[in-house]
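Notes follow once the structure below has been shown.
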Amino acid sequence: MLKKIATGLAAVAATSALALALPAAAYASTPDDQSEYWGPVYAQHHQAKAQGWVGVDWDRRGRSNEVTVRGRLWDLDNRTYRAGGKCAFVAFQASDFDHDWSPVYYKKYCGYPGSKWFQFEEHDVLSLRTKVCQIGPNSNFPVKCGHWQYIYTAESE
């Protein structure tokens, strides 16, 4: 029992020493920086799902940003491919500062009941949205898509 208490106190002391050694700037962020969790976002009939985290880092003048997206994509379709089962698919579109939408990332995952991690970065993003679909294992055309869902917009900051 005494050994457990001593180990716990040592862990607390080590954590506190590390926190005091780091500069305060390591914890600070500019008022324009933002991060939050998004999702879950589903395909039609909940046969695929994605969720994750989005972080936005603005330059000092607030004229440019870098958006980082991390997430996980789940294949929830338990049917065999022969019986019509499909893979999971997630797509992302970004709007630049001129309000022009363009595709920036997509990921396909086949492997019920598993999931796959993904990550990407994009620069100068005004808004970012995603949708989840299903796609055949040998297809390039998503089907049974859910609706576009916004996961970040600079206008809300």
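The values are calculated or read from the model by the stated rules, or taken from the named source; none is laboratory data. Note that the coordinates shown come from a computational prediction; the quantities given were computed from them, not determined experimentally. Every residue, glycine as well, gets a Cβ built from its backbone with ideal geometry; the counts of neighbours run over all protein chains shown. Accessible surface areas use protein heavy atoms only, side chains included; no ligands, DNA or RNA. Shrake-Rupley method; radii C 1.70, N 1.55, O 1.52, S 1.80 Å.
In region 33-85, one over the average inverse separation of all distinct C-alpha pairs is 13.3 Å, which is the Kirkwood hydrodynamic radius.
Summarising the overall dimensions of region 65-157 from its C-alpha atoms, the Rg and Dmax are 14.6, 48 angstrom. A simple packing score, the average count of other Cβ atoms within 10 Å per residue, orders the peptides 64-77, 131-144 as 64-77, 131-144, with the highest score first. The distance between label points at His46 and Tyr81 comes to 2.7 nm (points 7 Å beyond Cα on the Cα→Cβ vector).
For the residues Lys108, Lys49, Lys116, a 1.4 Å probe over the protein chains yields an accessible-area ranking, largest first, of Lys116, Lys108, Lys49. You can think of it this way: the chain between Asn138 and Ser102 has 10.5 nm of extra reach, that is 0.36 nm per residue less the Cα-Cα gap. The per residue volume of the convex hull around the alpha-carbon atoms of region 116-157 is 111 Å³. Backbone geometry of region 109-116 corresponds, through the Karplus equation with coefficients 6.51, -1.76 and 1.60 at θ = phi - 60°, to 3J(HN,Hα) couplings of 9, 10, x, 4, x, x, 8, 9 Hz, x marking Gly and Pro.
Accessible surface calculations at 1.4 Å, restricted to protein heavy atoms, place region 106-157 at 60 Å² per residue. Using the Cβ-Cβ distance between Arg63 and Glu121 with R0 = 25 Å, the FRET efficiency computed as 1/(1 + (r/R0)^6) comes to roughly 0.90.
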